[in-house]
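Chemist: One structure, as structure tokens, below. Some questions next.
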Amino acid sequence: MGYPRRLLNDHESVTVDLHPHWWFLAGPTFAVTASIAAAIATLVMTDSATTEQSIAGWASLVALGVSAVWLVIRYSQWMTTYFVITNLRIIFRSGLLTKRGIEIPLDRVNTVHFHQGIMERIVGTGDLRIESGGESGQQRFTDIRQPDRVQRVIHAEMDLSRQRKFAEPGVDVAGQLERLESMLMRGSLTPDEFDRQKRRLLGS
């Protein structure tokens with residue numbers, strides 16, 4: 001389920017729309033798997049109809065129930081958490097019953113840092129730290145998919161935002177297309193992102 005379009009402003013388009021990385025669900029998923037394995041081991045390794053099997057069986061069922069509830073809660077959090085980059089701002093929004101959100105205008109962003117540990121690099125997740133000129137100053141976002149790519153997208157959108165802000169009437173479209181092409185060559189934009197920005201620039 002993507003970010004609700006009704007929450008966007010006029011003439012605002014989405015470039016990146018992410019839920020947290022699946023690593024966000026790794027803990028409760030492992031707990032459920034371990035509980036099921038423990039329940040099977042209890043049935044196989046203990047004598048039937050004994051006190052030991054009964055105690056171990058109930059303990060396994062309790063562990064399975066707790067881990068299943070944890071997984072359901074975590075999945076609900078995953079479904080209702082969005083990290084979105086548009087042509088105007090960066091949006092973080094989460095919560096099902098109670099909601100919280102952060103919006104950072106692109107023209108307020110100063111620097112964007114990303115961090116990945118060894119395991120995070122293997123699975124393709126990491127953290128982003130965004131420093132801005134707003135009251136909050138610095139925001140950290142965890143479990144971001146491919147944070148290095150997201151960092152490049154933010155920088156690309158910042159460049160385009162500055163170009164739009166300072167463009168004069170009768171702006172040189174050809175010049176801006178050349179800038180997009182140079183960003184594509186540097187790897188700041190993927191081919192899909194280049195095509196999307198080109199269509200936006202040409203108004204098609």
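Chemist: In debye, nearest 20: dipole of segment 81-132 around its Cα centre with unit charges on the Cβ of K, R (+) and D, E (-)?
Modeler: Working: 7 positive and 5 negative charges, 38 e Å.
The dipole magnitude comes to about 180 debye.
Chemist: Leaving out ligands and nucleic acids, and using a 1.4 Å probe, what accessible area per residue does the chain come to in Å²?
Modeler: On the way: 12450 Å² over 204 residues.
Per residue, the chain has an accessible area of 61 Å².
Chemist: Going by amide H atoms built from the backbone, whose H comes under 5 Å of the H on Thr15, apart from near neighbours?
Modeler: Ile85, Thr86, Asn87
Chemist: With +1 on the Cβ of every Lys and Arg and -1 on the Cβ of every Asp and Glu, and nothing else charged, how large is the dipole of segment 1-116 about its Cα centre, in debye rounded to the nearest 20? Please report the intermediate quantities before stating the final value.
Modeler: On the way: 8 positive and 7 negative charges, 82 e Å.
It comes to approximately 400 debye.
Chemist: Considering only protein heavy atoms and a probe of 1.4 Å, how much of the accessible area of the chain is carbon and sulfur, as a whole percent? Mind dumping the intermediate values first?
Modeler: Numbers: 7300 of 12450 Å².
Carbon and sulfur: 59 percent of the exposed surface of the chain.
Chemist: 222 nm [θ] for the chain, helices only, -39500 (n - 2.57) per DSSP H run of 4+, per residue, to 500?
Modeler: Numbers: 6 runs with 101 residues, N = 204.
So the helix-based figure for the chain works out to -16500 deg cm²/dmol.
Chemist: Right, another one. Could you tell me whether segment 40-85 comes out rounded, prolate or oblate from its Cα gyration tensor? Rule is a ≥ b ≥ c as square roots of the eigenvalues, rounded for a/c under 1.5, then prolate if a/b exceeds b/c, otherwise oblate. Let's see the in-between values first.
Modeler: Numbers: a/c = 8.17, a/b = 4.25, b/c = 1.92.
Prolate, since a/c reaches 1.5 and a/b exceeds b/c.
Chemist: Among Ser182, Ser54, Ser132, which one moves the most in a GNM of the chain with springs linking Cα atoms closer than 10 Å?
Modeler: Of the options given, Ser54 has the highest mean-square fluctuation.
Chemist: What Kirkwood radius, in Å to one decimal, follows from the Cα pairs of the chain? Display every interim value, and only then the final one.
Modeler: Values: mean 1/r = 0.0500 Å⁻¹.
Final number for the Kirkwood radius of the chain is 20.0 Å.
Chemist: Could you tell me which of His115, Ile91, Ala59 has its Cα farthest along the dipole of the chain towards the positive end, charges placed at Cβ (Lys, Arg +1; Asp, Glu -1), taken about the Cα centre?
Modeler: The Cα lying farthest towards the positive end belongs to Ile91.
Chemist: Additional query: As I understand it, the value is the acute angle between the Cα axis of helix 51-79 and the longest principal axis of the Cα atoms of the chain; what does it come to in degrees, rounded to 10?
Modeler: Between the helix axis and the principal axis of the chain, the angle is about 10 degrees.
The values are calculated or read from the model by the stated rules, or taken from the named source; none is laboratory data. Keep in mind that what you see is a predicted model, and the values were worked out from it rather than measured. For neighbour counting, all protein chains shown are included, and Cβ atoms are generated from backbone atoms with ideal geometry for every residue, glycine included. Accessible surface is based on the protein model in full, side chains and every heavy atom, while ligands, DNA and RNA are left aside. Shrake-Rupley method; radii C 1.70, N 1.55, O 1.52, S 1.80 Å.
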